[in-house]
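Everything on this sheet refers to the single structure shown next.
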Amino acid sequence: DGQVVPGGTYYNTSGSETLFTNSGGNGIWVKSGSTVTGLEVSNPTDPLGSLTGNGGTLHFSAPGSIVRIDGTVDASALLSGSLYTGNGGKIIVDSAYLYQNGQLFANGASGGLIQLNVGNMVMSPGATIEALGQNGPGGQVNVFASGVVDIQGTAGLKALIDTSGQVIGIYNSNVIHIEGGVVNVDGILRADGIQLADGTATSGGKIE
């Protein structure tokens with residue numbers, strides 16, 4: 001409970017979450033250079049000995065106020081070398097205003113979920129949202145805004161939302177869903193398929 005979110009690793013069990021809020025009403029801030037990591041554990045009393053490999057759930061709640069992300073929020077699965085050992089976790093933002101100048105990640109063997117329930121939202125050029133599936137389905141990014149969604153870009157630098165991964169049959173993966181009173185996209189939206197080990201490629205996902 002407070003304005004500035006301390007960088008570090010936060011653990012939660014499946015179905016639970018790590019909640020950041022500010023009862024003082026002054027908003028929530030992940031500062032530049034700060035990394036907030038979420039990992040899932042099977043035993044909360046012994047997190048280092050009971051990692052499941054999945055990403056955790058990080059929830060930023062500032063109703064009526066602002067969430068500002070200048071640093072990195074990472075709910076990706078645990079890495080072993082270059083391979084993810086589990087699936088991406090969840091990042092949830094509930095606020096009247098979201099300003100994102102940093103990075104949101106929920107990557108894994110299968111991509112996770114990033115859900116932004118906001119009044120207005122700005123992604124500045126260079127900001128990134130990823131929910132990538134390394135060798136499984138891509139993840140999902142949902143933006144529900146009552147006001148303006150502004151995904152910015154300049155000639156040399158673009159905001160990016162990416163949910164690429166493997167689409168399996170009619171499985172509803174690799175989805176970017178944006179709702180807003182006004183939506184402006186000068187950045188990049190990607191929901192690509194991936195190349196499989198046999199050299200074939202899967203279909204892309206859905207942007208709506």
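Taking the criterion of being within 20 Å of Thr13 (Cα to Cα) and open to solvent by less than 20 Å² (accessible area, probe 1.4 Å), the residues of segment 89-105 that qualify are Gly89, Ile91, Val93.
Filtering segment 101-112 to residues that are farther than 17 Å from Ala145 by Cβ and among the hydrophobic types (A, V, I, L, M, F, W, C) leaves Phe105, Ala106, Ala109. The residue that is nearest to Asn107 (Cα to Cα), counting only those in segment 6-60 that are modelled with pLDDT of 95 or more and of a type in the set (Asp, Glu), is Glu40.
Here are some residues: Ser110, Ser76. Which one is assigned to a loop (DSSP other than H, G, I, E, B) and either touching a Cys at 6+ places or on another chain (Cβ under 9 Å) or open to solvent by less than 20 Å² (accessible area, probe 1.4 Å) (or both)?
Of the residues listed, the single one that is assigned to a loop (DSSP other than H, G, I, E, B) and either touching a Cys at 6+ places or on another chain (Cβ under 9 Å) or open to solvent by less than 20 Å² (accessible area, probe 1.4 Å) (or both) is Ser76.
Applying the selection to segment 43-58, what residues are exposed (fewer than 13 other Cβ atoms within 10 Å of the Cβ) and either in contact (Cβ under 8 Å) with a residue 60 or more places away in the chain or among the hydroxyl-bearing types (Ser, Thr, Tyr) (or both)? Thr45 - this is the single residue of segment 43-58 that is exposed (fewer than 13 other Cβ atoms within 10 Å of the Cβ) and either in contact (Cβ under 8 Å) with a residue 60 or more places away in the chain or among the hydroxyl-bearing types (Ser, Thr, Tyr) (or both).
So that you can scan it fast, the table gives a plain yes or no per residue for (1) closer than 26 Å to Gly133 by Cα; (2) in contact with an Asp or Glu (Cβ under 8 Å, 6 or more places away or on another chain); (3) among the aromatic types (Phe, Trp, Tyr):
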| residue | (1), (2), (3) |
| --- | --- |
| Val5 | no, no, no |
| Thr13 | yes, yes, no |
| Glu17 | yes, no, no |
| Gly25 | no, no, no |
| Lys31 | no, yes, no |
| Glu40 | yes, no, no |
| Thr52 | yes, yes, no |
| Pro63 | no, yes, no |
| Ser82 | yes, no, no |
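Taking the criterion of being at pLDDT 95 or above and open to solvent by 10 Å² or more (accessible area, probe 1.4 Å), the residues of segment 61-73 that qualify are Ser61, Ser65, Ile66, Arg68, Asp70, Thr72. Report yes if Ser23 is open to solvent by 20 Å² or more (accessible area, probe 1.4 Å) and in contact (Cβ under 8 Å) with a residue 40 or more places away in the chain, otherwise no. When the stated conditions are applied, Ser23 does not pass them.
Of all residues in segment 129-146, exactly one satisfies the criterion of being open to solvent by less than 20 Å² (accessible area, probe 1.4 Å), farther than 18 Å from Leu98 by Cα and outside any loop (DSSP other than H, G, I, E, B), namely Gly133. Pairing residues of segment 121-135 that are under 15 Å from Ile91 (Cα atoms) with residues that are open to solvent by 10 Å² or more (accessible area, probe 1.4 Å) and among the charged types (D, E, K, R), at Cβ distances under 7 Å and at least 6 apart in sequence or on separate chains, gives Glu130/Asp162; Leu132/Asp162.
The values are calculated or read from the model by the stated rules, or taken from the named source; none is laboratory data. Just so it is clear, the model here is predicted, and its values are computed rather than measured. Quick reminder, even Gly has a Cβ in these numbers, built from the backbone with ideal geometry, and neighbours come from all protein chains shown. Surface areas here come from the heavy atoms of the whole protein model, side chains and all, with no ligands, DNA or RNA. Shrake-Rupley method; radii C 1.70, N 1.55, O 1.52, S 1.80 Å.
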